[in-house]
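Right, one structure below, let's go through it.
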Amino acid sequence: MESRSFPGDFTWGAATASYQIEGAVHEDGRGESIWDRFSHTPGRVLDGDTGDVACDHYHRYRDDVALIAGLGLNAYRFSVSWSRVIPDGTGAVNERGLDFYERLVDELLAHGIAPFLTLYHWDLPQALEDAGGWPVRATADAFADYAGIVAARLGDRVRSIATLNEPWVVADHGYRIGTHAPGRSDPAAALAASHHLLVGHALGMQAIRSAAPTTAAGIVLNLSPQHPASTHPLDLEAASAEHAWLNRWYLDPLVGRGYPEAPAWAAGQVRAEVRAGDMALIAAPIDFLGINYYNQGRVRSGLLPSLEPSGDPLERTGMGWEVYPAGLVEVLEFVVSRTGALPLYVTENGAAYPVDAADPTRDPARVSFLRRHLEAALDALDRGVPLRGYFAWSLLDNFEWALGYDPRFGIVHVDYSTLERRVRDSGRFMGAVARLGRLPVDVGAGTGGSRA
Ligand code: IFM
């Protein structure tokens, strides 16, 4: 039987983020970001890893673009480092920083690859954090200025501009639990940060609209089904609360539904940061929504004893995340319940697995992961989800935040001692899917083998 096809104009890409791959942290006038400060603080990142060199993409971007073209992908999602463009977060613009992204975009276009630009993938200029960070509203104003500057320089050439990547992670990990930069554990600050991220998005949208009126603009959210760990009513309640915080906290305001009920940890907080007019501002139309999908959550109420595992062990990635392709359909259908015909992209999906020591280019588990999630994307398309594209996370092995270089997400292997790149089977698989517009025939379950 002929396998199902993706739409002919489907976007096929791979994604990265500035701090995770660029390196060159002191070059060409770049300022300090919160991830520079955090990663250089002892005890914050596994093994003391930093993004100082990372994949050295800043110097090797031409080779990396050639690599994307060689794979046969037609799009590339990357983020701009705010600190390269405006080293202190506000004020003087560093033209050399903008020049780098201009060279990158032009190189992509020369290879027929559509640039998908994200303005903020977690690397806030340290000067802005010193002035209060996302918990203060001035950061949202500064973000809008930055958005306008980037849009004015690059908006005519990029396919789309996303304001923020995963604001939930920024507020939750950066300000509530402190496992990410800037490393603060302050629930009130997290709540204020979440609102100012949305205000920043909204003001950034206005700035993009005015500087680059024809460029598609939107935002990227991380979403994950939150299922109760048992049928106990307390688990049902806990799962619903988790769903509200993780899946609805940003999406609902963006579509004009306002904030869901505040999470239990925010009890007693007065939301003084929400000003009159903000919710209408935040609900202004966007042109697309990006969805980053990795796994599902099995939620256990804190009031119940922990559950003993039963049945077969769950299939997990190297991150310990459950492999759950059906969850991609679930989150896409949930989003459509809010956004209707709005174009959607899977802006990240992928998995970390340990490197095969004998041959680091062999990654059958990742091929299998991608194949099953692409099947799920086809299911979503069959159900009418307006899905326009899919980006694998990640193009390269890279700096995985607090876990440093330990997890390997790349469809291209990076040897961190030589910085040599080698395409994995998963990279070849993604290229084959992009070229064929459908999944290649699986010639060996679990081996990652496939043929056209
Ligand atoms: O590496 C991250 C990325 O920066 C944001 N989304 C999830 C990825 C894997 O953890």
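The values are calculated or read from the model by the stated rules, or taken from the named source; none is laboratory data. Keep in mind it's a predicted model, so treat the numbers as computed, not measured. Every residue, glycine as well, gets a Cβ built from its backbone with ideal geometry; the counts of neighbours run over all protein chains shown.
Hey, does segment 137-145 have a residue that's modelled with pLDDT of 95 or more, within 15 Å of the chain's Cα centre (by Cα) and either surrounded by fewer than 20 Cβ atoms within 10 Å (Cβ to Cβ) or of a type outside the set (Asp, Glu) (or both)? Within segment 137-145 (the criterion being modelled with pLDDT of 95 or more, within 15 Å of the chain's Cα centre (by Cα) and either surrounded by fewer than 20 Cβ atoms within 10 Å (Cβ to Cβ) or of a type outside the set (Asp, Glu) (or both)), the answer is no, since none of the residues qualifies.
Scoring Gly340 on the criteria (1) crowded, with 23+ Cβ neighbours inside 10 Å; (2) more than 16 Å from the ligand (Cβ to nearest atom) leaves a single failure, condition (1). If you filter segment 354-410 down to residues that are among the polar types (S, T, N, Q) and over 17 Å from the mean Cα position of the chain (by Cα), you find that the one that is nearest to Arg37 (Cα to Cα) is Thr361. Scanning segment 262-271 for residues that are part of a helix (DSSP H, G or I), surrounded by 16 or more Cβ atoms within 10 Å (Cβ to Cβ) and either acidic (Asp, Glu) or without any contact (Cβ under 8 Å) to a residue 60 or more places away in the chain (or both) turns up nothing.
Step by step: first the residues of segment 221-233, then only those that are touching a residue at least 12 places away in the same chain (Cβ under 8 Å) and outside any loop (DSSP other than H, G, I, E, B), then the one that is surrounded by the most Cβ atoms within 10 Å (Cβ to Cβ). Which residue is that?
Taking segment 221-233 first, the residues touching a residue at least 12 places away in the same chain (Cβ under 8 Å) are 221-230, 232.
Next, from what is left, pick out any that are outside any loop (DSSP other than H, G, I, E, B): 221-222, 226-228.
Working: Leu221: 26, Asn222: 21, Gln226: 20, His227: 17, Pro228: 20.
Within segment 221-233, the match that is surrounded by the most Cβ atoms within 10 Å (Cβ to Cβ) is Leu221.
How do the strands (runs of 3 or more DSSP E) wholly within segment 411-452 filter down when requiring 2 or more residues that are closer than 19 Å to Phe391 by Cβ and at pLDDT below 95: which remain?
Ranges flagged: none.
Taking residues in segment 57-81 that are within 13 Å of Gly427 (Cβ to Cβ), and partners anywhere that are crowded, with 20+ Cβ neighbours inside 10 Å and at pLDDT below 95, not one pair has Cβ atoms closer than 7 Å while being at least 6 places apart or on different chains.
Within segment 279-299, restricting attention to residues that are farther than 30 Å from Arg209 by Cβ and part of a loop (DSSP other than H, G, I, E, B), the residue that is farthest from the ligand (Cβ to nearest atom) is Gln296. Within segment 138-179, the residues that satisfy the criterion of being within 16 Å of the ligand (Cβ to nearest atom), touching a Gly at 6+ places or on another chain (Cβ under 9 Å) and polar (S, T, N, Q) are Thr163, Asn165. Scanning segment 344-355 for residues that are out of contact with any Asp or Glu (no Cβ under 7 Å at 6 or more places or on another chain) and not hydrophobic (A, V, I, L, M, F, W, C) yields Tyr345, Thr347, Glu348, Asn349, Gly350, Pro354. Here Glu322 clears all of (1) within 16 Å of the ligand (Cβ to nearest atom); (2) closer than 18 Å to Glu375 by Cβ; (3) buried (at least 18 other Cβ atoms within 10 Å of the Cβ) except the condition numbered (3).
Taken over segment 234-250, the criterion of being in contact with a Ser or Thr (Cβ under 8 Å, 6 or more places away or on another chain) and buried (at least 18 other Cβ atoms within 10 Å of the Cβ) is satisfied by Asp235, Ala238, Leu246, Asn247, Trp249, Tyr250. Every condition in (1) aliphatic (A, V, I, L, M); (2) more than 24 Å from Ala54 (Cα to Cα); (3) within 16 Å of the ligand (Cβ to nearest atom); (4) in contact with a Lys or Arg (Cβ under 6 Å, 6 or more places away or on another chain) holds for Val412 except the one numbered (2). Restricting attention to segment 14-73 and to residues that are within 16 Å of the ligand (Cβ to nearest atom) and of a type in the set (A, V, I, L, M), the residue that is surrounded by the fewest Cβ atoms within 10 Å (Cβ to Cβ) turns out to be Leu46. Here Ala276 meets each of (1) of a type in the set (A, V, I, L, M); (2) assigned to a helix (DSSP H, G or I); (3) exposed (fewer than 13 other Cβ atoms within 10 Å of the Cβ) with one exception, condition (2). For Leu236, state whether it is closer than 22 Å to Glu330 by Cα, without any contact (Cβ under 8 Å) to a residue 40 or more places away in the chain and touching a strand residue (DSSP E or B) at 6+ places or on another chain (Cβ under 8 Å). Yes: the conditions hold for Leu236. Does Gly302 count as part of a loop (DSSP other than H, G, I, E, B), within 16 Å of the ligand (Cβ to nearest atom) and either over 23 Å from the mean Cα position of the chain (by Cα) or at pLDDT 95 or above (or both)? Judged against the criteria, Gly302 is not a match.
Just name the residue that is surrounded by the most Cβ atoms within 10 Å (Cβ to Cβ) out of those in segment 82-109 that are of a type in the set (Gly, Ala, Ser) and touching a residue at least 24 places away in the same chain (Cβ under 8 Å). Ranking the qualifying residues of segment 82-109, first place goes to Ser83.
The rows are residues; the columns are (1) of a type in the set (Ser, Thr, Tyr); (2) within 16 Å of the ligand (Cβ to nearest atom); (3) closer than 30 Å to Asp156 by Cα.
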| site | (1), (2), (3) |
| --- | --- |
| Gly218 | no, no, yes |
| Ser224 | yes, yes, no |
| Ser230 | yes, no, no |
| Asp235 | no, no, no |
| Ala238 | no, no, no |
| Leu246 | no, yes, no |
| Pro253 | no, no, yes |
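Would you confirm whether any residue within segment 372-390 is within 16 Å of the ligand (Cβ to nearest atom), at pLDDT 95 or above, aliphatic (A, V, I, L, M) and buried (at least 18 other Cβ atoms within 10 Å of the Cβ)? Looking through segment 372-390, none of the residues is within 16 Å of the ligand (Cβ to nearest atom), at pLDDT 95 or above, aliphatic (A, V, I, L, M) and buried (at least 18 other Cβ atoms within 10 Å of the Cβ).
Would segment 394-401 turn up any residue that is within 16 Å of the ligand (Cβ to nearest atom), among the acidic types (Asp, Glu) and within 15 Å of Gly350 (Cβ to Cβ)?
Step one: filter segment 394-401 for residues within 16 Å of the ligand (Cβ to nearest atom), giving 394-401.
Restricting the remaining residues to those that are among the acidic types (Asp, Glu) gives 397, 400.
Still in the list and also within 15 Å of Gly350 (Cβ to Cβ): 397, 400.
Yes, because at least one residue in segment 394-401 is within 16 Å of the ligand (Cβ to nearest atom), among the acidic types (Asp, Glu) and within 15 Å of Gly350 (Cβ to Cβ).
Of all the residues in segment 352-371, those that are closer than 12 Å to Leu439 by Cβ, away from the ligand (no atom under 16 Å from the Cβ) and not hydroxyl-bearing (Ser, Thr, Tyr) number 2.
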